[in-house]
Amino acid sequence: MRLVILGGSGSGKSTQAHRLSKHFEVPLVSVGEILRSAIASVTDKSRFAHPYVDLGELVPDEMMIEFIGERLKQPDVADGWVLEGYPRTAFQAEELDFLLDGLGQKVDWAIYLQVSQAVMVNRSVGRSVPDDLSEIVQNRVELFYDRTVPILEYYDRRRRLLTINGDQLPEMVQHNIVSLLCKP
């Protein structure tokens with residue numbers, strides 16, 4: 001199973017990605033973890049990514065594509081994965097498909113956790129993560145609407161999009177996702 005989890009900041013992407021990774025017994029590939037690890041490694045690539053992360057902005061496509069490509073070529077994800085936090089632009093979604101074609105893989109489903117803007121902001125501001133300051137959260141929400149929504153159209157055209165109401169208890173969201181994925 002190869003799943004992409006989509007949604008704005010605070011939509012429950014991370015929670016559902018962890019749950020689905022465990023449920024389907026496949027590795028979780030978290031862009032947040034990839035970026036934090038890259039920044040901690042103090043390489044040339046990480047030095048260029050750091051300012052974008054600090055401002056809550058999207059890391060440039062070319063850099064993200066390279067980070068994701070490195071991760072998805074590792075042996076532990078050859079049989080499946082749950083990808084959280086990527087793609088964030090339609091271009092990245094296309095590039096992910098090209099990368100996966102080269103690996104003999106494909107995205108099974110893109111799962112969009114749909115929540116209102118107010119829910120995104122309230123959930124994100126309530127977390128105690130340093131990069132979830134109010135201004136940064138608002139910037140992420142605006143970026144989501146400006147740049148990420150076209151990804152939904154991309155996956156919808158390929159009949160690979162599942163839209164789930166993310167404004168429910170996490171258990172109910174997971175139940176709804178699994179029910180749809182396991183439908184004959």
Condition check for G80: of a type outside the set (A, V, I, L, M, F, W, C) and in contact with a strand residue (DSSP E or B) (Cβ under 9 Å, 6 or more places away or on another chain): yes
Test: residue in segment 143-150 that is among the basic types (K, R), assigned to a helix (DSSP H, G or I) and surrounded by 13 or more Cβ atoms within 10 Å (Cβ to Cβ): yes
Every pair of residues 6+ apart whose Cβ atoms lie under 9 Å, when the first sits in segment 153-173 and is touching a residue at least 12 places away in the same chain (Cβ under 8 Å) and in a loop (DSSP other than H, G, I, E, B) while the second is exposed (fewer than 14 other Cβ atoms within 10 Å of the Cβ) and of a type in the set (K, R): R160/K106
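Just so you know, all these numbers are worked out from the coordinates, no wet-lab data involved. This structure is a prediction, so every number in the text was calculated from the model and none was measured. Cβ atoms come from the backbone with ideal geometry, glycine included; neighbour counts cover every protein chain shown.
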